[in-house]
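Here's the structure we're looking at; comments come further down.
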Amino acid sequence: MTKWRAIYSTIIRALFTGVFFLTFSLQTQAQTPLELLAPLDIPLILSGNFGEFRGSHFHTGIDIKTQGKEGFPVLAAASGKVERIKVSPWGYGNTLYIKHSDGSSTVYAHLQRFDPQIQDWVRNRQYKGRVFSIDLTPTADFVFAAGDTIGWSGNSGSSGGPHLHFEVRDAQQHPVNPLHWDLPITDNRPPEVGKLKVIPIDVNGLEKREMDVDAKAGDTTLVKAGEVHLGVWSIDRLDGASNVCGVYSIDVKVDGEEYFRCTIDTLDFSVNKDMNAHVYYSTWKKGRKSVHRFNKLPGDRLPIYDFLSDNKLVIPVDSIMKVDVVCKDVHGNSRAKSYFLKGDLTPPKYVCKEGESSQIVNKIAETNSVTELRVGGVDVNIPKGSLYDKEHVYLEVYDSLEFAIGSWDVPLKKAISVSVKLPQDYRQENWVARSVDDKGGVSGAIVCKQQVGRLDFKTKNMGRYKMDRDTIPPRLLPKHSGTPVVKNGDLIFHVEDAVSGVEKIEATMDGEWILLRWNPKKKEAIYKASDSVHEKGSKVKIEVVARDAVGLESKWSGYVQMK
C-alpha cells in the first residue's frame, strides 16, 4: 500500500509541476515583448524618428531611407495577419497594417505596391466600388510569416521622397517607439541642445511672446524680472544621415530642484496634434525650430509628461536663476547644458502687431469659454476648448474681403468659425478663404459655404485671410503628347488645379469605369494596361473628368489606340 501511495504521490507532483511550468511559460510568453525583424533588408538609415515634430503632430514611427529609390522588398517584421489595407493619394499612401499574436500591430506606409495577392484583391474592390482611395478590412486571410515580402517600398501618399514609414502600435492602437526593439540602427550621436527660450508672463497671466529672449548656455542672460515660461531648442541626429530627428527625453532642474521631465515614448492618436501645445509654437510656425516647453499648457493632453512642478518660475530683480537641462535619445546618448538668468527691471521693447485699421476688436479669451468677435461685417466664433491657454485675441478688418483673426502664433486645438458679409454686387458661388503672408502672398484655400449674403468657413489657424473666388477649372490633358497612351500601354494624364485643389478625377473606357491611380505630387493620373479592362490593339473611347473642391470641372475625351 505504501508503494502505490508513493507512486500516486509522484504522479500528482509531476502533473502539478507540469501544469505550473506550462502556466508560467504562457504567462512569461504573454509578458515578453514581440520580437521584430528589420522591415527592409538594406542598411537601416533613418530620415525621421519616433516623436519628432511634424507639421502639427508628433511623428508616430520611423522613416527608413531607401537610397533614393523605390522597389525594395518590404518584409513582415513579425508573423501576423493583414488587418487593414489603405490606398490614398494623401497621407500614408499605400499602407498595410499587420496584426500580431499579442494584439500589437505593425504599419508599413508609402508602399509602391502590395504583395500580388493583396494587390489583385484591392484592385477588384476598387473596380467594384468605382473608387481609387479605399480603406479596407480584408475578408480574405492574408497571413505572413516574419521575413515574408508583403510589398515593395515606394513614395506614395504625402511622402517627400522614397522611404518606408514603419510603425509599431500596442494592442490599444497607441504608437510606441520602434527603436526599443533591437533593430540594426546605429546611433552614437548625442542630441544637440541650443538656446533656452525665456517668455515673460504679464499681470493677466498672458505670455508676451513678442518679448521673448534667447539665453545661451554658460552665459548669464538679462531677462525681464518676474514670472517666466521656459523652453529649450533640441534635436537629435542618428549615424549615417544629417536629417533632423526628435529627442527622446528631457530633464530640467531649476536652482537644483527638479522642475520638468518628459519622455516621448508612447503616443495617442486622439491627442497627437497637441504637439502644438508642447512645442513653442511661435518659433515652430515661423521657422520649424524645435523648442520644447517646460510648462504644460492647460489644454495640453499629451501622455508624455513624467514630472511637472506646481511652482511658478519667478525671477526677482538682480537674482540669478540656474537652469540645468539634460536631453537624451532612445539609445542612451545624452547632452547637458546649464543656463543662468538674471532678473532685470528694464523690459524689452514691445512691438504691437495691430493698428493697420480702425475696425478692430480685442478680447482676452479663456480656454473654457466661448469668445465671439464682431466688426466690419466679419463674425468670429472661438468655441470653448479651442485654445490651449488664455490668449489675447483680436479681429481686425482691412476691407470687405480681407481681415486678421488674432496672431498667427496662437495654436488652435479645435476649429474656429468665421462668417463674412458679402457685398451685394458680388457673385455668391465658388468662394474660398486664403491665407495671407507677411508679404501679401496668398496660399491654400478653404472652401466656403454660401448663405444669403454671407460666406462661412472653419479654420484651425489664426492669422490673416483674404476671400477670393475660384474661377479656374482644373488643368487636364495627356501627360506627354496629344495621346495619353505611353509605350507600355498605360494611359497617363496631367491634372492640377490652381486654387481650391483637385478633389476627384474619374475616367471611362467605352462607357465603363476604369481605375485612375492619382498622384498629386507628380500631377498625374494613370490607367494601368495590366488592369486588362481593354482588348489589346483595340480602339476605345476614353472620357476623363477632373473636378476641383468648388465643383469646377474639366473634361477630356478622345479615341485611343490601345496597346
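How many of the residues in segment 413-430 are in a strand (DSSP E or B) and surrounded by fewer than 20 Cβ atoms within 10 Å (Cβ to Cβ)? Total meeting the criteria: 5. Considering every residue within segment 288-303, establish whether at least one is in contact with a Pro (Cβ under 7 Å, 6 or more places away or on another chain), surrounded by 15 or more Cβ atoms within 10 Å (Cβ to Cβ) and within 25 Å of MET462 (Cβ to Cβ). No, there is no match, as no residue in segment 288-303 is in contact with a Pro (Cβ under 7 Å, 6 or more places away or on another chain), surrounded by 15 or more Cβ atoms within 10 Å (Cβ to Cβ) and within 25 Å of MET462 (Cβ to Cβ).
For segment 39-68, the candidate set comprises residues that are within 14 Å of ASP187 (Cβ to Cβ) and β-branched (Val, Ile, Thr); within that set, the residue that is surrounded by the most Cβ atoms within 10 Å (Cβ to Cβ) is ILE62. Out of the residues in segment 104-146 that are farther than 24 Å from HIS174 by Cα and small (Gly, Ala, Ser), state the one that is surrounded by the most Cβ atoms within 10 Å (Cβ to Cβ). Result: SER133. Quick one: would you say GLY501 is of a type outside the set (Phe, Trp, Tyr), outside the structural domain of GLY157 (by TED's automatic domain parsing), out of contact with any strand residue (DSSP E or B) (no Cβ under 7 Å at 6 or more places or on another chain) and over 17 Å from ARG130 (Cβ atoms)? When the stated conditions are applied, GLY501 does not pass them. Only residues that are out of contact with any Phe, Trp or Tyr (no Cβ under 9 Å at 6 or more places or on another chain) and surrounded by 18 or more Cβ atoms within 10 Å (Cβ to Cβ) were counted across segment 246-257, and they come to 2. Anything in segment 52-65 that is charged (D, E, K, R) and part of a loop (DSSP other than H, G, I, E, B)? List them, or say none. GLU52 - this is the single residue of segment 52-65 that is charged (D, E, K, R) and part of a loop (DSSP other than H, G, I, E, B).
Looking only at residues of segment 360-375 that are touching a strand residue (DSSP E or B) at 6+ places or on another chain (Cβ under 8 Å) and among the polar types (S, T, N, Q), we find that the one that is nearest to LEU387 (Cα to Cα) is THR367. Out of the residues in segment 504-543 meeting the condition of being out of contact with any Lys or Arg (no Cβ under 7 Å at 6 or more places or on another chain) and among the β-branched types (Val, Ile, Thr), tell me which one is nearest to ARG469 (Cα to Cα). Checked segment 504-543; the qualifying residue nearest to ARG469 (Cα to Cα) is ILE505. Checking GLU227, GLU210 one by one, the residue that is surrounded by fewer than 17 Cβ atoms within 10 Å (Cβ to Cβ), in contact with a Cys (Cβ under 9 Å, 6 or more places away or on another chain), closer than 29 Å to GLY406 by Cα and not basic (Lys, Arg) is GLU210 and no other.
Condition check: closer than 28 Å to LEU34 by Cα, out of contact with any helix residue (DSSP H, G or I) (no Cβ under 6 Å at 6 or more places or on another chain) and surrounded by 17 or more Cβ atoms within 10 Å (Cβ to Cβ). Does PRO184 satisfy that?
Judged against the criteria, PRO184 is not a match.
In the set (1) without any contact (Cβ under 8 Å) to a residue 12 or more places away in the chain; (2) assigned by TED's automatic domain parsing to the domain that holds SER386; (3) of a type outside the set (S, T, N, Q), the condition left unmet by LYS421 is number (1).
Against the condition touching a residue at least 60 places away in the same chain (Cβ under 8 Å), within 22 Å of VAL247 (Cβ to Cβ) and out of contact with any His (no Cβ under 6 Å at 6 or more places or on another chain), how does VAL198 come out, does it pass? So VAL198 passes the test. Have a look at LYS421, LYS439, LYS458 and point out the one that is modelled with pLDDT of 95 or more and farther than 24 Å from LYS273 by Cβ. After ruling out the rest, the residue left standing is LYS421. Exactly one residue out of GLU207, GLU192, GLU167 is at negative phi, touching a Gly at 6+ places or on another chain (Cβ under 7 Å) and charged (D, E, K, R), and it is GLU167.
Per-residue answers, yes or no, for (1) part of a strand (DSSP E or B); (2) in contact with a Ser or Thr (Cβ under 7 Å, 6 or more places away or on another chain); (3) of a type outside the set (Lys, Arg); (4) under 11 Å from PRO474 (Cβ atoms):
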site: PHE493; (1), (2), (3), (4): yes, no, yes, yes
site: VAL499; (1), (2), (3), (4): no, no, yes, yes
site: LYS504; (1), (2), (3), (4): yes, no, no, yes
site: ALA507; (1), (2), (3), (4): yes, no, yes, no
site: ALA546; (1), (2), (3), (4): yes, yes, yes, yes
site: SER554; (1), (2), (3), (4): yes, no, yes, yes
site: GLY558; (1), (2), (3), (4): yes, no, yes, no
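Just to be sure before I move on: is GLU396 more than 30 Å from GLY226 (Cα to Cα), exposed (fewer than 15 other Cβ atoms within 10 Å of the Cβ) and either modelled with pLDDT of 95 or more or out of contact with any Ser or Thr (no Cβ under 7 Å at 6 or more places or on another chain) (or both) in the structure I sent? The answer is no for GLU396. Total residues in segment 186-238 satisfying the condition of being outside any strand (DSSP E or B) and over 30 Å from PRO43 (Cβ atoms): the figure is 15.
As a summary of the residue check, ASN381 satisfies the conditions (1) under 22 Å from LEU455 (Cα atoms); (2) of a type in the set (S, T, N, Q); (3) in contact (Cβ under 8 Å) with a residue 60 or more places away in the chain except for the one numbered (3).
Taking segment 297-347 as the search range and keeping residues that are of a type in the set (S, T, N, Q) and touching a strand residue (DSSP E or B) at 6+ places or on another chain (Cβ under 7 Å), which one is farthest from GLU258 (Cα to Cα)? Filtering first and then ranking leaves SER319. Counting just the residues of segment 515-526 that are touching a strand residue (DSSP E or B) at 6+ places or on another chain (Cβ under 6 Å) and free of Cβ contacts under 8 Å to residues at least 40 places away in the same chain, which one comes out surrounded by the most Cβ atoms within 10 Å (Cβ to Cβ)? Step by step, filter segment 515-526, then rank; the result is ALA525.
The values are calculated or read from the model by the stated rules, or taken from the named source; none is laboratory data. Computed from a prediction, not measured in an experiment: that's the story for all the values here. Don't worry about glycine lacking a Cβ; one is built from the backbone with ideal geometry, like all the others, and counts go over all protein chains shown.
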